[in-house]
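Just below is one structure, and these are the notes that go with it.
The values are calculated or read from the model by the stated rules, or taken from the named source; none is laboratory data. In this text the structure is predicted, and so the values were computed from the model without any measurement. Note that each Cβ is placed from the backbone with ideal geometry, even for glycine, and that neighbours are counted across all protein chains shown. Each accessible area value is taken on the protein alone, full model and side chains, heavy atoms only, with ligands, DNA and RNA left out. Shrake-Rupley method; radii C 1.70, N 1.55, O 1.52, S 1.80 Å.
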Amino acid sequence: MTIFALGFTLLLAQDPAALSSQAAAAMRAQKFPEAESLYRKLTALQPANPMWRMNLGLALYSSGQYEKSIPEFELFHKSKPAPGPTHLILGTALLKLGKSCPAVTPLETAARWDMQRSTPPLADAYFGCKRYALAARAYEAAGPASARRAAHCYWQARQYPEARRIFETLEKSHPNDPEFHYEFGDTLARTAGPEAALPHLRQAVEANPELLPARGELGKALLATGDAPSAIPHLEAASAAGPTLLLPLSRAYRAAGRTADADRAQQQYRRHLSAK
Amino acid sequence: MLRVLAALLAAASQWQPSTLPFTLHTGEGAKKHLPATMPGGIAVFDYDGDGLLDLFFPNGAGLPSARKSSPRHSNTLLRNLGNFRFEDRTAAAKLSGTGYDFAAIAADYDADGHVDLLVCGLRAITLYRNRGNGLFQDVTASSGIDNKGRWSTGGVWLDYDVDGDLDLFLLNYVRYNPGTEPPCKVEGLAEFCHPRYFDPDSNALFRNQGNGRFEDVSVESGIAAHKGKGMGVAAADFDLDGFPDIFVANDRVLNFYFHNTGHGRFEERGLESGLAAPASGNPPSAMGVDAQDYDNDGRFDLIYTALRDETFPLYRNRGADFEETGLPTKLDLLTRPMAGWGIVFADLDNDGWRDLAAARSDVLSINGPRGATAREPLSWFRNEAGKRFTAPPPIPVPNLMYRGLVAADLNNDGCLDLIATALQAPARLLRNTCQGNWLKVALPLKPGARVRAGNQWAHDSTTAGYASSCVCPLHFGLGTATTVDVEIHEPGRKPRLFPSTKANQTLVIQP
């Protein structure tokens with residue numbers, strides 16, 4: 001709805017010539033194919049007028065033709081580069097097409113026009129582009145509804161103190177979410193040590209024993225706190241997917257007195273690392 | 001009472017920063033050639049025998065040519081004039097160099113009483129013999145040391161066969177050809193490539209024949225059989241069997257622990273020793289290394305730097321193997337947000353426990369997409385009785401791309417000062433105005449000895465942290481003690497005892 005409202009706002013701002021009046025009426029009536037046709041005529045008649053490009057882009061966007069709308073907005077921005085709503089619409093179109101990285105620049109430009117409206121899609125663009133540190137800050141700025149995502153992105157960006165700060169505020173709202181407890185536990189392991197991480201890693205594994213990264217972290221935390229026998233089944237399970245865990249598994253076996261198993265795991269680890 | 005005294009001593013420790021007349025030029029351009037993020041070693045040694053430690057800085061060059069095409073690329077020798085004044089003596093000493101250089105490892109390899117210099121570079125190493133008259137002579141060709149065009153990031157002088165003269169272990173990084181270097185990008189911008197894009201290379205060992213010539217024994221010693229991506233090396237008699245062993249910190253592949261069998265051979269025992277990788281199993285970006293005894297148990301421990309989220313792994317030597325102690329000492333938590341290069345064990349507050357100092361920064365380009373967060377400060381961590389490390393007030397320096405770091409007493413006041421390099425920036429000097437008594441032990445110029453002062457042990461080594469070296473008297477902080485028993489252990493000799501040695505002096509040991 002926000003995009004439609006923006007579109008109508010922009011339409012009202014343009015020169016009310018006959019064709020454009022019809023096109024604007026078509027847009028208001030959500031007759032987007034008709035509007036598209038009218039704006040194509042206008043761009044043919046007045047190719048130097050960037051407003052027809054913008055409106056054509058809006059019509060295309062509104063009818064779900066995101067790919068086609070992009071060059072129209074880009075042409076419009078060549079003439080009117082000042083930050084504005086069309087940057088937001090262009091960025092949103094790119095996001096809808098899964099083009100997160102190209103969406104970043106128009107959405108950053110849009111944020112200079114309207115920070116509040118642009119921040120959520122900008123956060124999504126950063127996230128999709130794996131620019132996690134920026135995504136985290138954008139999600140955090142977007143408000144409490146995005147806090148979980150912000151924490152996840154801080155964790156992905158390895159900014160553990162920031163992740164921990166947010167995870168701590170979310171603890172009660174995610175009682176049985178294994179991913180949450182895995183990420184929180186992993187964060188605590190890195191910021192407060194393995195003892196602090198154990199309760200969350202245990203919760204993650206209890207909620208989803210198939211969550212192998214959580215089992216790997218739980219195994220490492222148990223080993224680090226001196227409980228090698230308990231660590232072994234978790235490290236055995238997780239090392240199937242993460243062969244670097246063969247090293248802590250080997251150490252856990254050795255600590256538990258299983259020397260032959262330790263030697264075997266160490267050899268497998270060496271082979272795996274040598275292969276890399 | 002002792003704690004109060006220690007706290008008072010520690011609180012009084014402070015740093016006076018200044019810059020040195022040397023700027024590290026990396027040759028970084030639009031294309032991110034990997035060597036441009038790697039230089040920055042330092043050699044600290046008394047080249048002119050005047051009792052003051054001088055400084056030598058290897059420098060970069062143009063890239064991809066790897067030639068010193070501009071005077072600003074010159075390696076630099078700074079003569080210590082006293083009172084923290086330095087004079088550039090590079091030209092007079094004939095040490096300006098010609099290629100892209102990273103590391104400088106000093107030692108008196110020919111036992112003539114003058115400290116010589118090995119400079120490690122991208123395409124070649126250069127061995128400079130100190131003639132004792134202020135001049136250095138390039139004797140690379142006549143020495144027989146040929147690194148076969150490999151990229152050397154450092155080395156260590158050690159008497160591996162205990163025959164009385166210094167042999168050379170050369171540390172090599174990756175196989176590098178700028179012509180085939182891929183164009184790596186981060187967030188669409190050019191960035192230095194991850195080491196996985198480059199093949200590993202083998203290290204080399206050269207035996208000193210005692211006549212100025214060296215023999216390549218890399219194959220027969222077992223060293224050549226192991227290819228890695230070496231960025232740091234430390235040699236010490238870790239198992240106290242009388243023969244020096246070698247630890248190699250590799251970049252994102254398993255570290256090497258070359259155990260010296262005593263028969264001219266080394267066996268690689270990284271996994272068996274516990275040093276190949278940290279407990280996570282992920283080989284980190286291991287970089288600078290130092291080996292000393294941080295818990296005063298008489299065995300030499302190890303630390304190396306790595307990148308953010310990898311911590312600076314600390315290993316306690318248990319005799320038969322090594323135990324990771326980053327968690328119990330809290331060093332893991334302190335260093336996890338950090339990226340580091342140079343690192344040294346050094347008693348910076350003279351309390352009798354070796355602290356840690358680190359030259360920090362990321363590997364990424366300061367001009368790249370993450371350049372804003374690549375710069376970091378210098379840091380030091382106080383050793384609390386060998387049990388844990390704490391973070392004292394920060395060292396007052398700007399965030400830069402720090403690389404090499406050496407702790408050395410430049411004004412002979414008994415406090416270890418810090419010298420650090422940073423990419424595209426003047427080198428930094430941190431004058432340490434610490435409190436507490438001290439003792440320095442100046443050994444004959446033949447590394448390998450172990451020295452006990454009271455309950456502290458130190459070993460004489462030519463390497464320090466990343467790409468650096470220090471031919472310096474061994475330093476012991478003594479706290480409030482005014483005398484200390486000293487014991488010198490040299491390979492092949494009976495221990496020498498110096499009971500009730502007075503504090504606050506340099507004890508000169510004759511050969």
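Hey, any hits in the stretch B:255-274 for a residue that's within 14 Å of chain A (Cβ to nearest Cβ), open to solvent by 10 Å² or more (accessible area, probe 1.4 Å), touching a Phe, Trp or Tyr at 6+ places or on another chain (Cβ under 9 Å) and under 27 Å from B:THR37 (Cβ atoms)? Looking through the stretch B:255-274, at least one residue is within 14 Å of chain A (Cβ to nearest Cβ), open to solvent by 10 Å² or more (accessible area, probe 1.4 Å), touching a Phe, Trp or Tyr at 6+ places or on another chain (Cβ under 9 Å) and under 27 Å from B:THR37 (Cβ atoms).
Within the stretch B:188-230, work out how many residues are among the aliphatic types (A, V, I, L, M) and in contact with a Pro (Cβ under 9 Å, 6 or more places away or on another chain). Residues in the stretch B:188-230 being among the aliphatic types (A, V, I, L, M) and in contact with a Pro (Cβ under 9 Å, 6 or more places away or on another chain): 2 in total.
Residue-level check: of (1) open to solvent by 30 Å² or more (accessible area, probe 1.4 Å); (2) more than 13 Å from chain A (Cβ to nearest Cβ), B:TYR304 misses just (1).
When restricted to residues that are charged (D, E, K, R), assigned to a strand (DSSP E or B) and under 20 Å from B:ARG493 (Cα atoms), the stretch B:426-467 contains 2.
Residues that are open to solvent by less than 10 Å² (accessible area, probe 1.4 Å) and of a type outside the set (A, V, I, L, M, F, W, C) were ranked within the stretch B:234-250; the one that is nearest to the other protein chains (Cβ to nearest Cβ) is B:ASN250. Filtering A:THR105, A:THR86 for residues that are under 26 Å from A:GLN159 (Cβ atoms) and among the hydroxyl-bearing types (Ser, Thr, Tyr) leaves a single hit, A:THR105. Applying the criterion of being out of contact with any His (no Cβ under 8 Å at 6 or more places or on another chain) and within 13 Å of chain B (Cβ to nearest Cβ) to the residues of the stretch A:210-219, the residue that is surrounded by the most Cβ atoms within 10 Å (Cβ to Cβ) is A:GLU217.
Taking the stretch A:220-240, which residues are more than 10 Å from chain B (Cβ to nearest Cβ) and open to solvent by less than 70 Å² (accessible area, probe 1.4 Å)? Selection gives A:ALA221, A:LEU222, A:GLY226, A:ASP227, A:ALA228, A:SER230, A:ALA231, A:ILE232, A:PRO233, A:HIS234, A:ALA237, A:ALA238. Within the stretch B:458-485, residues that are more than 24 Å from B:GLY230 (Cα to Cα) sit with their Cβ atoms under 8 Å from residues that are aromatic (Phe, Trp, Tyr) and open to solvent by 20 Å² or more (accessible area, probe 1.4 Å), at 6+ positions apart or across chains, in these pairs: B:HIS475/B:TRP438; B:PHE476/B:TRP438; B:GLY477/B:TRP353; B:GLY477/B:TRP438; B:LEU478/B:TRP438; B:ASP485/B:PHE498. Does the stretch A:1-18 contain at least one residue that is open to solvent by 30 Å² or more (accessible area, probe 1.4 Å) and modelled with pLDDT of 85 or more? Within the stretch A:1-18 (the criterion being open to solvent by 30 Å² or more (accessible area, probe 1.4 Å) and modelled with pLDDT of 85 or more), the answer is no, since none of the residues qualifies. Of all residues in the stretch A:80-130, how many are at pLDDT 95 or above, out of contact with any Ser or Thr (no Cβ under 6 Å at 6 or more places or on another chain) and within 18 Å of A:LEU60 (Cβ to Cβ)? Going through the stretch A:80-130 one residue at a time, the tally reaches 14.
Quick check: is even one residue across the stretch B:352-373 without any contact (Cβ under 8 Å) to a residue 24 or more places away in the chain and either among the small types (Gly, Ala, Ser) or in a strand (DSSP E or B) (or both)? Yes, there is a match, as at least one residue in the stretch B:352-373 is without any contact (Cβ under 8 Å) to a residue 24 or more places away in the chain and either among the small types (Gly, Ala, Ser) or in a strand (DSSP E or B) (or both).
Which members of the stretch B:175-208 meet the condition of being within 14 Å of another protein chain (Cβ to nearest Cβ) and crowded, with 20+ Cβ neighbours inside 10 Å?
Residues of the stretch B:175-208 that are within 14 Å of another protein chain (Cβ to nearest Cβ), as a first pass: B:185-189, B:191, B:194-200.
Within the stretch B:175-208, B:GLU191, B:PHE198 qualify.
In the stretch B:329-351, the residue that is nearest to B:GLY479 (Cα to Cα) out of those that are away from chain A (no Cβ under 14 Å) and not in a loop (DSSP other than H, G, I, E, B) is B:ALA346. Filtering the stretch A:156-172 to residues that are surrounded by 18 or more Cβ atoms within 10 Å (Cβ to Cβ) and more than 11 Å from every other protein chain (Cβ to nearest Cβ) leaves A:ALA163, A:ARG164, A:ILE166, A:PHE167.
Within the stretch A:27-46, the set of residues being more than 37 Å from the chain's Cα centre (by Cα) and charged (D, E, K, R) comprises just one member, A:LYS41.
Candidates are the residues of the stretch A:183-193 that are over 9 Å from A:LEU218 (Cα atoms) and of a type outside the set (Asp, Glu); the one that is surrounded by the fewest Cβ atoms within 10 Å (Cβ to Cβ) is A:ALA192.
Scanning the stretch B:258-311 for residues that are outside any loop (DSSP other than H, G, I, E, B), of a type outside the set (Gly, Ala, Ser) and under 17 Å from the mean Cα position of the chain (by Cα) turns up B:VAL289, B:ASP290, B:GLN292, B:ASP301, B:LEU302, B:ILE303, B:TYR304.
So, A:ARG202, is that one under 26 Å from B:PRO328 (Cβ atoms), without any contact (Cβ under 8 Å) to a residue 12 or more places away in the chain and in a helix (DSSP H, G or I) or not?
Working: under 26 Å from B:PRO328 (Cβ atoms): yes; without any contact (Cβ under 8 Å) to a residue 12 or more places away in the chain: no; in a helix (DSSP H, G or I): yes.
Answer is no for this residue.
When the stretch B:284-297 is limited to residues that are within 16 Å of B:ASN250 (Cα to Cα) and open to solvent by less than 10 Å² (accessible area, probe 1.4 Å), the one that is nearest to the other protein chains (Cβ to nearest Cβ) turns out to be B:PRO284. If you go through the stretch B:126-170 and keep only what is more than 16 Å from B:VAL217 (Cβ to Cβ) and either open to solvent by less than 20 Å² (accessible area, probe 1.4 Å) or in a helix (DSSP H, G or I) (or both), you end up with B:LEU127, B:TYR128, B:ASN130, B:PHE136, B:VAL139, B:THR140, B:ALA141, B:SER142, B:TRP151, B:SER152, B:THR153, B:GLY154.
Can you spot a residue in the stretch B:71-78 that is among the basic types (Lys, Arg), in a loop (DSSP other than H, G, I, E, B) and over 19 Å from B:LEU416 (Cβ atoms)? Even if it seems obvious, please write down each step before you answer.
Narrowing the stretch B:71-78 to residues among the basic types (Lys, Arg): B:72.
Right, trim to in a loop (DSSP other than H, G, I, E, B) and you get none.
No, because not a single residue in the stretch B:71-78 is among the basic types (Lys, Arg), in a loop (DSSP other than H, G, I, E, B) and over 19 Å from B:LEU416 (Cβ atoms).
Any residue at all in the stretch B:225-238 that's under 20 Å from the mean Cα position of the chain (by Cα) and of a type in the set (Asp, Glu)? Looking through the stretch B:225-238, at least one residue is under 20 Å from the mean Cα position of the chain (by Cα) and of a type in the set (Asp, Glu).
Mind checking whether some residue in the stretch B:358-367 is under 20 Å from B:PHE300 (Cβ atoms) and open to solvent by less than 10 Å² (accessible area, probe 1.4 Å)? Let's see the steps before the verdict.
Of all residues in the stretch B:358-367, those under 20 Å from B:PHE300 (Cβ atoms) come to B:358.
Still in the running and open to solvent by less than 10 Å² (accessible area, probe 1.4 Å): B:358.
Yes: one or more hits.
Would you mind finding the one in B:ASP351, B:ASP355, B:ASP347 that is over 23 Å from B:ARG252 (Cα atoms), touching a His at 6+ places or on another chain (Cβ under 9 Å) and not aliphatic (A, V, I, L, M)? Before you say what the answer is, go through the steps one by one.
Numbers: B:ASP351 fails: touching a His at 6+ places or on another chain (Cβ under 9 Å); B:ASP355 fails: touching a His at 6+ places or on another chain (Cβ under 9 Å).
After applying the criteria, what remains is B:ASP347.
Among the conditions (1) out of contact with any Lys or Arg (no Cβ under 6 Å at 6 or more places or on another chain); (2) in a loop (DSSP other than H, G, I, E, B), B:PHE192 misses just one, which is (1). From the list B:GLY179, B:GLY210, B:GLY242, the one residue that fits, being farther than 30 Å from A:TYR132 by Cα and under 24 Å from the mean Cα position of the chain (by Cα), is B:GLY242. Of the residues making up the stretch A:247-266, those that are more than 9 Å from chain B (Cβ to nearest Cβ), open to solvent by 20 Å² or more (accessible area, probe 1.4 Å) and assigned to a helix (DSSP H, G or I) are A:ARG254, A:ALA255, A:THR259, A:ALA260, A:ASP261, A:ASP263, A:ARG264.
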